[in-house]
1. Give the residues of the range 78-87 that are under 10 Å from the mean Cα position of the chain (by Cα) and in a loop (DSSP other than H, G, I, E, B), sorted by residue number.
2. Would you pick out the residues in the range 25-35 that are hydrophobic (A, V, I, L, M, F, W, C) and open to solvent by 30 Å² or more (accessible area, probe 1.4 Å)?
3. Any chance you could count how many residues in the range 36-58 are farther than 23 Å from Gly97 by Cα, in contact (Cβ under 8 Å) with a residue 12 or more places away in the chain and outside any loop (DSSP other than H, G, I, E, B)?
4. Within the range 1-40, count every residue that is in contact with a Leu (Cβ under 8 Å, 6 or more places away or on another chain) and either modelled with pLDDT under 85 or of a type in the set (Ser, Thr, Tyr) (or both).
5. Looking at the range 43-62, which of its residues are within 10 Å of Ala14 (Cα to Cα) and either within 12 Å of the chain's Cα centre (by Cα) or open to solvent by 60 Å² or more (accessible area, probe 1.4 Å) (or both)?
6. Does Asp137 fit the bill of being over 13 Å from the mean Cα position of the chain (by Cα) and either open to solvent by 40 Å² or more (accessible area, probe 1.4 Å) or at pLDDT 95 or above (or both)?
7. Determine which member of the set Gly104, Gly97 is modelled with pLDDT of 95 or more, assigned to a loop (DSSP other than H, G, I, E, B) and of a type outside the set (Lys, Arg).
8. Quick one: count up the residues across the range 118-134 that are open to solvent by 10 Å² or more (accessible area, probe 1.4 Å) and either free of Cβ contacts under 8 Å to residues at least 40 places away in the same chain or of a type in the set (Ser, Thr, Tyr) (or both).
Amino acid sequence: MALFEKLFAWERHAMRLYRLADRCYRAGHVDAAFAVSGLSRLLTGIEIEPGAELAADVRILHGAGTVIGSGVRVGSGSVIFHQVTLGRAARPMDEDGYPTIGRGAYVYAGAKVVGPITVGDGARVAAGAVVTRDVPDRAIVAGMPARIISWVGADGKPSKQPPAVPDRHSVEGA
(Lines give C-alpha, C1' and ligand atoms only; values in the text may rest on other atoms or scores of the structure.)
Protein backbone atom coordinates (compact mmCIF):
# COMPACT_ATOMS: atom_id res chain seq x y z
CA MET A 1 0.00 0.00 0.00
CA ALA A 2 1.43 3.37 -1.02
CA LEU A 3 2.20 6.03 1.60
CA PHE A 4 -0.58 8.25 0.22
CA GLU A 5 -3.11 5.43 0.63
CA LYS A 6 -1.96 4.77 4.20
CA LEU A 7 -2.27 8.43 5.15
CA PHE A 8 -5.84 8.68 3.90
CA ALA A 9 -7.18 5.29 4.91
CA TRP A 10 -9.72 6.85 7.30
CA GLU A 11 -11.37 3.54 8.08
CA ARG A 12 -8.08 2.10 9.36
CA HIS A 13 -7.44 5.19 11.48
CA ALA A 14 -10.95 4.96 12.92
CA MET A 15 -10.42 1.30 13.87
CA ARG A 16 -7.03 2.02 15.48
CA LEU A 17 -8.44 4.93 17.47
CA TYR A 18 -11.45 2.81 18.46
CA ARG A 19 -9.12 0.10 19.80
CA LEU A 20 -7.22 2.73 21.82
CA ALA A 21 -10.45 4.27 23.16
CA ASP A 22 -11.82 0.84 24.02
CA ARG A 23 -8.67 -0.09 25.95
CA CYS A 24 -9.00 3.15 27.94
CA TYR A 25 -12.70 2.45 28.55
CA ARG A 26 -12.12 -1.10 29.78
CA ALA A 27 -9.30 0.14 32.05
CA GLY A 28 -11.73 2.56 33.71
CA HIS A 29 -10.48 5.74 32.02
CA VAL A 30 -13.89 6.69 30.66
CA ASP A 31 -13.14 10.39 30.07
CA ALA A 32 -9.99 9.55 28.10
CA ALA A 33 -11.89 6.92 26.13
CA PHE A 34 -14.58 9.35 25.04
CA ALA A 35 -11.98 12.03 24.27
CA VAL A 36 -10.19 9.61 21.91
CA SER A 37 -13.55 8.55 20.44
CA GLY A 38 -14.50 12.18 19.82
CA LEU A 39 -11.15 12.88 18.18
CA SER A 40 -11.64 9.85 15.96
CA ARG A 41 -15.09 11.07 14.90
CA LEU A 42 -13.70 14.53 14.18
CA LEU A 43 -10.80 13.20 12.08
CA THR A 44 -12.50 10.34 10.25
CA GLY A 45 -16.26 10.99 10.26
CA ILE A 46 -16.75 7.52 11.74
CA GLU A 47 -18.12 7.17 15.26
CA ILE A 48 -17.38 3.95 17.13
CA GLU A 49 -18.16 4.36 20.81
CA PRO A 50 -15.91 2.74 23.39
CA GLY A 51 -17.52 -0.40 24.77
CA ALA A 52 -18.60 -1.71 21.37
CA GLU A 53 -17.30 -5.23 20.70
CA LEU A 54 -15.86 -5.47 17.20
CA ALA A 55 -13.95 -8.55 16.07
CA ALA A 56 -10.38 -7.88 14.96
CA ASP A 57 -11.15 -8.41 11.26
CA VAL A 58 -14.31 -6.29 10.97
CA ARG A 59 -14.03 -3.95 7.98
CA ILE A 60 -15.60 -0.54 7.52
CA LEU A 61 -15.68 0.55 3.89
CA HIS A 62 -16.19 4.17 2.79
CA GLY A 63 -17.07 4.79 6.44
CA ALA A 64 -18.15 8.44 6.48
CA GLY A 65 -21.19 8.89 8.68
CA THR A 66 -21.10 5.41 10.21
CA VAL A 67 -22.22 5.26 13.86
CA ILE A 68 -21.65 2.22 16.08
CA GLY A 69 -22.99 2.42 19.64
CA SER A 70 -21.25 1.31 22.81
CA GLY A 71 -23.09 -2.00 23.33
CA VAL A 72 -23.03 -3.22 19.73
CA ARG A 73 -21.39 -6.57 18.99
CA VAL A 74 -20.02 -7.29 15.50
CA GLY A 75 -18.73 -10.75 14.54
CA SER A 76 -15.58 -11.59 12.62
CA GLY A 77 -15.46 -11.13 8.88
CA SER A 78 -18.33 -8.65 8.87
CA VAL A 79 -18.34 -5.61 6.60
CA ILE A 80 -20.04 -2.29 7.34
CA PHE A 81 -20.49 0.43 4.72
CA HIS A 82 -20.96 4.21 5.00
CA GLN A 83 -23.89 5.93 6.72
CA VAL A 84 -24.79 2.78 8.68
CA THR A 85 -26.28 3.21 12.15
CA LEU A 86 -25.92 0.38 14.67
CA GLY A 87 -27.25 1.59 17.97
CA ARG A 88 -29.36 1.48 21.07
CA ALA A 89 -33.11 1.63 21.18
CA ALA A 90 -34.82 4.07 23.51
CA ARG A 91 -35.48 1.82 26.50
CA PRO A 92 -34.55 1.76 30.19
CA MET A 93 -30.78 1.87 30.72
CA ASP A 94 -30.68 -1.49 32.50
CA GLU A 95 -31.95 -3.36 29.42
CA ASP A 96 -29.67 -4.44 26.58
CA GLY A 97 -30.96 -2.42 23.68
CA TYR A 98 -28.07 -2.93 21.25
CA PRO A 99 -27.87 -5.03 18.08
CA THR A 100 -25.62 -8.01 17.45
CA ILE A 101 -24.20 -8.52 13.96
CA GLY A 102 -23.18 -12.11 13.20
CA ARG A 103 -20.02 -13.45 11.60
CA GLY A 104 -19.54 -12.69 7.90
CA ALA A 105 -22.54 -10.35 7.71
CA TYR A 106 -22.69 -7.34 5.37
CA VAL A 107 -24.51 -4.15 6.33
CA TYR A 108 -24.73 -1.93 3.26
CA ALA A 109 -24.86 1.86 2.94
CA GLY A 110 -27.44 3.75 4.94
CA ALA A 111 -28.90 0.73 6.71
CA LYS A 112 -30.27 1.22 10.22
CA VAL A 113 -30.19 -1.53 12.85
CA VAL A 114 -31.37 -0.10 16.16
CA GLY A 115 -32.39 -2.02 19.23
CA PRO A 116 -31.92 -5.55 20.54
CA ILE A 117 -31.84 -7.12 17.08
CA THR A 118 -29.66 -9.99 15.87
CA VAL A 119 -28.43 -10.07 12.28
CA GLY A 120 -27.44 -13.68 11.66
CA ASP A 121 -24.18 -15.13 10.38
CA GLY A 122 -23.64 -14.52 6.68
CA ALA A 123 -26.73 -12.30 6.39
CA ARG A 124 -26.94 -9.25 4.13
CA VAL A 125 -28.74 -6.03 5.03
CA ALA A 126 -29.46 -4.03 1.86
CA ALA A 127 -28.68 -0.35 1.42
CA GLY A 128 -31.21 1.87 3.15
CA ALA A 129 -32.93 -0.99 4.97
CA VAL A 130 -34.45 -0.36 8.39
CA VAL A 131 -34.19 -3.56 10.40
CA THR A 132 -36.96 -3.95 12.98
CA ARG A 133 -36.78 -7.73 13.58
CA ASP A 134 -34.10 -10.39 13.89
CA VAL A 135 -32.54 -11.48 10.59
CA PRO A 136 -31.89 -15.24 10.21
CA ASP A 137 -28.50 -16.63 9.18
CA ARG A 138 -27.78 -16.17 5.44
CA ALA A 139 -30.92 -14.10 4.80
CA ILE A 140 -30.91 -11.06 2.51
CA VAL A 141 -33.20 -8.31 3.80
CA ALA A 142 -34.29 -5.01 2.23
CA GLY A 143 -36.88 -2.30 2.68
CA MET A 144 -38.54 -0.23 5.39
CA PRO A 145 -39.20 -2.24 7.45
CA ALA A 146 -36.69 -4.82 6.26
CA ARG A 147 -38.12 -8.09 4.96
CA ILE A 148 -36.43 -11.22 3.65
CA ILE A 149 -36.15 -10.96 -0.13
CA SER A 150 -33.69 -13.79 -0.78
CA TRP A 151 -31.07 -16.05 0.80
CA VAL A 152 -27.31 -16.37 0.44
CA GLY A 153 -26.65 -19.74 -1.18
CA ALA A 154 -23.77 -22.09 -0.44
CA ASP A 155 -21.88 -20.55 -3.37
CA GLY A 156 -22.28 -17.05 -1.90
CA LYS A 157 -24.78 -15.99 -4.56
CA PRO A 158 -28.44 -15.07 -3.96
CA SER A 159 -30.86 -18.00 -3.86
CA LYS A 160 -34.64 -18.19 -3.58
CA GLN A 161 -34.37 -21.20 -1.25
CA PRO A 162 -33.47 -20.86 2.44
CA PRO A 163 -30.33 -22.73 3.44
CA ALA A 164 -30.85 -26.41 4.20
CA VAL A 165 -31.16 -27.10 7.90
CA PRO A 166 -30.78 -30.73 8.95
CA ASP A 167 -33.89 -32.26 10.45
CA ARG A 168 -32.98 -32.79 14.09
CA HIS A 169 -35.23 -35.85 14.27
CA SER A 170 -33.39 -37.66 11.49
CA VAL A 171 -29.93 -37.27 13.01
CA GLU A 172 -28.52 -40.56 14.25
CA GLY A 173 -28.54 -40.92 18.01
CA ALA A 174 -31.26 -38.36 18.55
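1. Of all residues in the range 78-87, those under 10 Å from the mean Cα position of the chain (by Cα) come to 78-81, 84-87.
Passing the criteria: Ser78, Phe81, Val84.
2. Ala27, Val30, Ala32, Phe34, Ala35
3. Total satisfying the criteria: 5.
4. 6
5. Residues of the range 43-62 that are within 10 Å of Ala14 (Cα to Cα), as a first pass: 43-48, 60.
Result: Leu43, Ile48, Ile60.
6. Details: over 13 Å from the mean Cα position of the chain (by Cα): yes; either open to solvent by 40 Å² or more (accessible area, probe 1.4 Å) or at pLDDT 95 or above (or both): yes.
So Asp137 passes the test.
7. Going through Gly104, Gly97 in turn, the sole match is Gly104.
8. Qualifying residue count, the range 118-134: 9.
The values are calculated or read from the model by the stated rules, or taken from the named source; none is laboratory data. Quick caveat, the model's predicted, so the values are computed rather than measured. Because the Cβ atoms are built from the backbone with ideal geometry, glycine has one as well, and the counts that use them run over all protein chains shown. The area values use the complete protein model at the heavy-atom level, side chains included, leaving out ligands, DNA and RNA. Shrake-Rupley method; radii C 1.70, N 1.55, O 1.52, S 1.80 Å.
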